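Please treat every number below as a calculation from the coordinates, not as lab data. Everything quoted here is computed from the prediction, not taken from an experiment. Here Cβ is always computed from backbone atoms with ideal geometry, including for glycine, and neighbour counts include all displayed protein chains.
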Amino acid sequence: MDNSSEDYGNYIYEYDEYSDLEKVDHSQTAAIHIISVVIYIICIILGLVGNGAVIWVTGFKSKKTVNSVWLLHLAIADFVFVLFLPFYIDYILRDFHWNFGLVMCKLNSYVCVLNMYASVLFLTVLSVDRYVSLAHLSWCQRYRTRKNAWILCSCIWVAVALLSCYMLVFREITQFSGKVVCYMNYHGTQYTHTGAMNHIIVVSIRTSVGFLLPFTAIFVTGILLLMKVRQSQGVVRISRFSRTVSALTLAFFLCWAPFHIFSLMELSIYNSSLMHSVLKAGFPLATSLGFFNSCINPLLYVLLTKKVRSILKDACLNITKSSLRELNQSISATEVEVEITPGVHLDMIQDKSGVSSI
């Protein structure tokens, strides 16, 4: 196979798997990179504040329920991922020069994929649990407990940790045109058909487990839930929390669908280079949109859940009252000190003049 084919075989377009192993016309891609950086900065600000608030509410302030366990772990996954976004920003701003070594190259991408898997699996569990809690009440009364929810969440974390391990295997750094690039090396030291097969297997598993299978499960349980509501003739109603879950699920699939579509399109580079320009322009934006999901989740949860808004409002009021109280005490202490100081000075003067003493 010729050198151009080898370049396409090792070229990955999204930022979490960006190799940059060829000469890129930066005048054409600069605008895309700037847009991506702006999106990442927004994700960091909203993601840290929003997911931190959800973790605080679901973990410490609200009533401990099974639903709060699912939402807590979803927020933790998004919060940890947002913490690693500055590394992506630095990588882009340095014109794709990786400055943090091999370990961070692997770990950064590992956390990204782990977040994607964790988010979709926790959303799937939320959707299935929503249906089961309405359709199988007797089973839920026996087995739907916070303890079992924590056990299931632990199993999910183990599963996503294993599913994301390919990042630790294939992620590498190399010197290229005076830069250190962090990229996916499916082929090892030389181009082989095994490398192409590794790429196909990774994309197939990621698309099926991270998108298609969860989407199918959520779609089926959603249809069954609607059927259950209609058959009940008004006895069973869709709760506000169910609407929140639906909004979170819809946001996830809208944000990550372009990424998985481009991932499947990327496999065509082994047979044709025609898709190269499309992927080079579209993959960074699709990846940015997927990352944006990590800050949308807490916003939707806060906006659509009245109880959470009430807790946050009370917390803000308490913080404001506490701050004003401390400020008032500080001002009062300053005024008292100002009043006392002249008196002490007068006594000292009188003592020196012999008129009186302390």
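The Val37 and Asn148 beta-carbon pair, evaluated with R₀ = 51 Å, returns a calculated FRET efficiency of approximately 0.75.
Extension gain for the segment Ser138 to Trp56, taken as residue separation times 0.36 nm less the Cα-Cα distance, is 26.3 nm to one decimal.
To the nearest 0.05, what FRET efficiency results for Leu212 and Lys179 with a Förster distance of 25 Å applied to their C-beta separation? Calculated transfer efficiency: 0.10.
The distance between label points at Val220 and Ala30 comes to 5.1 nm (points 7 Å beyond Cα on the Cα→Cβ vector). Neighbour counting of Cβ atoms within 10 Å sorts the residues His199, His136, fewest neighbours leading, into His136, His199. Amide H contacts of Phe176 (H built 1.01 Å from N, in plane; Pro and chain starts excluded): Val181 sit under 5 Å, all sequence-distant by 5 or more or on other chains.
A Förster radius of 41 Å, combined with the Cβ-Cβ distance separating Ala159 from His193, puts the computed FRET efficiency at roughly 0.85. Sites listed here are trypsin sites (Lys or Arg not before Pro) in the range 68-155 whose DSSP assignment is loop and whose Cβ has at most 14 other Cβ atoms within 10 Å: Arg94. Between Val278 and Ala247, the simple spin-label model (points 7 angstrom out along Cα→Cβ) gives 3.5 nm.
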